[in-house]
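Throughout, read-outs are computed from the coordinates displayed, never taken from laboratory work. All figures in this text were calculated on a predicted structure; none of them were measured in a lab. Here Cβ is always computed from backbone atoms with ideal geometry, including for glycine, and neighbour counts include all displayed protein chains.
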Amino acid sequence: MRADKKDRISRVKCVVDSCEYNEEASYCIASEIEIQPPDAGDTEETDCATFSPRNNF
């Protein structure tokens, strides 16, 4: 699901250093993202389902 660096989702900032889709500039480089759950009522109830742990972290 990894996109090329040039194809990063520049409007989606990610500060989760342990995610393999987080590039050095804190942008998501996944080819797509999924935020869950559908019935979230506020920010604290949301989750990035695209998260994948970085092997070297």
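Summary of values
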item: Distance between modelled label sites at Glu34 and Arg11, nm, 7 Å Cα→Cβ extension; result: 2.2 nm
item: Nonlocal amide H pairs with Ala30, under 5 Å, H built at 1.01 Å; result: Ala3, Ile9
item: The stretch 5-48 - percent relative contact order, Cα under 8 Å, separation 6 or more; result: 32 percent
item: For Glu20, residues with placed amide H under 5 Å, excluding near neighbours; result: Ser52, Arg54
item: Karplus-derived 3J(HN,Hα), 6.51/-1.76/1.60, for each residue of the stretch 39-47, Hz, glycine and proline x; result: 9, 4, x, 7, 4, 5, 8, 8, 9
item: In nm, spacing of pseudo-spin labels at Glu24 and Ala49 (7 Å Cα→C-beta vector); result: 3.3 nm
item: Computed over the stretch 5-48, Cα set: Rg, Dmax in Å; result: 11.4, 34
